[in-house]
Amino acid sequence: MKNGWEGANVENDKETSLREGYAPFVGCGYDAHRLVEGRPLVLGGVVIPHAKGLLGHSDADVLTHAVIDALIGAAGLGDIGRLFPPTDAAYKDISSIELLAKIRGLLDAQGFTTVNVDSTIVCESPRLSNHTPAMIKNISGALKIASGRVNVKAKTEEGMGFTGSGEGISAHAVALIGVLK
C-alpha cells in the first residue's frame, strides 16, 4: 500500500495499515506550564539552554505531556493527572519520556499500536528548531515507532497571551492509534 509518508516506512505494515479489520482511534492532548527561574527547560526529553524552566511536579515537559494526553485520550484512559497524579512522590522530578514509555506499555497491553503523533509547541523563546530532531528521536524511541511517524513543530504567538509574553510554554498534540479487530 502506498501512503506517501516519507520516512515512516509503513508500506506493507499490517499493524498500521488502515484497512478492513483495523480500528483507528484519535486523541488530542494539551499542556501548559509556567516558566520559572531555577528549573531546567525540558521539551521532548531534551534539556534546552534557557534562563528559565517549566514549573511542575515532574520535569514539566509540556510537549511530552501533550503527547501522553493525546495517546491516552485515543485509548479512552482518562488524562495524565489521573494516571500520574502530582500528589504521588514517585513522580516527583521524573522524566516525562519515562512516563511516555509507561504509556506505551499500557497501550501495548491493550492491543493498541501507535500510528503517528503530530505536535506543536507554543513558545516565544527560546528558538526550538535546532532541537526538534532530538525531541522526535526521544518521543519515537519511547513509543518504539519510526521517527517519520512523529512530528514536532514550534510556533510563537507574536507576543500575545501568556506564551507570547514569556510567562509559560504550551503544547498541543494529536495521536492516531489503532487496534486490529
Enter the angle in degrees (range 0 to 90, nearest 10) between the Cα long axis of helix 62-74 and the first principal axis of the Cα atoms of the chain, meaning the one along which they spread out most. 30
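Residue separation times 0.36 nm, minus the C-alpha to C-alpha distance between LYS153 and LYS102: what's the value?
On the way: separation 51, 0.36 × 51 = 18.36 nm, distance 2.39 nm.
The span from LYS153 to LYS102 would gain 16.0 nm if fully extended.
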For the charge dipole of the chain, defined by +1 on Lys and Arg C-beta atoms and -1 on Asp and Glu C-beta atoms about the Cα centroid, which residue among GLN110, VAL67, LEU77 has the Cα displaced farthest towards the positive pole? GLN110
Under the rule of at least 5 residues apart or a separate chain, name every residue whose amide H is placed under 5 Å from the amide H of HIS50. LEU41
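Tally the DSSP beta bridges in the chain and give the antiparallel ones as a percent, rounded to 5. Before the final figure, lay out each step's value.
On the way: 28 of 34 bridges.
Of those bridges, close to 80 percent are antiparallel.
Within a 10 angstrom radius of the beta carbon, how do TYR91, TYR30 rank from fewest other beta carbons to most?
TYR30, TYR91
Taking only the C-alpha atoms, wrap a convex hull around the chain and report its volume per residue in Å³ as a whole number. Provide the component values of the computation, followed by the final result.
Working: hull volume 19.8 nm³, N = 181.
Expressed per residue, the convex hull around the Cα atoms of the chain is 109 Å³.
Below 8 Å between Cα atoms, with a sequence gap of 6+, how large is the relative contact order for the chain in percent?
Working: 396 pairs, mean separation 59.1, N = 181.
Dividing the mean separation by the residue count of the chain yields 33 percent.
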Can you compute the charge dipole magnitude of segment 90-174 about its Cα centre, using +1 on each Lys and Arg Cβ and -1 on each Asp and Glu Cβ, nothing else charged? Give it in debye, rounded to the nearest 20. 380
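Only helical DSSP H runs with n ≥ 4 go in: add -39500 (n - 2.57) per run for the chain, normalise by residue count and round the 222 nm mean residue ellipticity to 500 deg cm²/dmol.
Numbers: 5 runs with 47 residues, N = 181.
The helix contribution divided over the chain gives -7500 deg cm²/dmol.
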Treating the angle as unsigned and between 0 and 90°, give the value, to the nearest 10°, between the Cα long axis of helix 96-109 and the longest Cα principal axis of the chain. 20
Give me, ordered by chain and number, the residues 5 or more places off VAL115 or on other chains with an amide H under 5 Å from its own placed amide H. LEU176, ILE177, GLY178
Förster radius 25 Å - calculated FRET efficiency between VAL179 and LEU55, Cβ distance, rounded to 0.05: 0.10
Whole-Hz ³J(HN,Hα) for each residue in segment 133-141, computed from phi via Karplus 6.51 cos²θ - 1.76 cosθ + 1.60 with θ = phi - 60°, x for glycine and proline: what do you get? x, 5, 4, 4, 4, 5, 5, 5, x
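We did not get these values from a lab; they are worked out from the coordinates using the rules stated. Since we're looking at a predicted model, the values are computed, not measured. Virtual Cβ from ideal backbone geometry, glycine too; neighbours counted across all protein chains shown.
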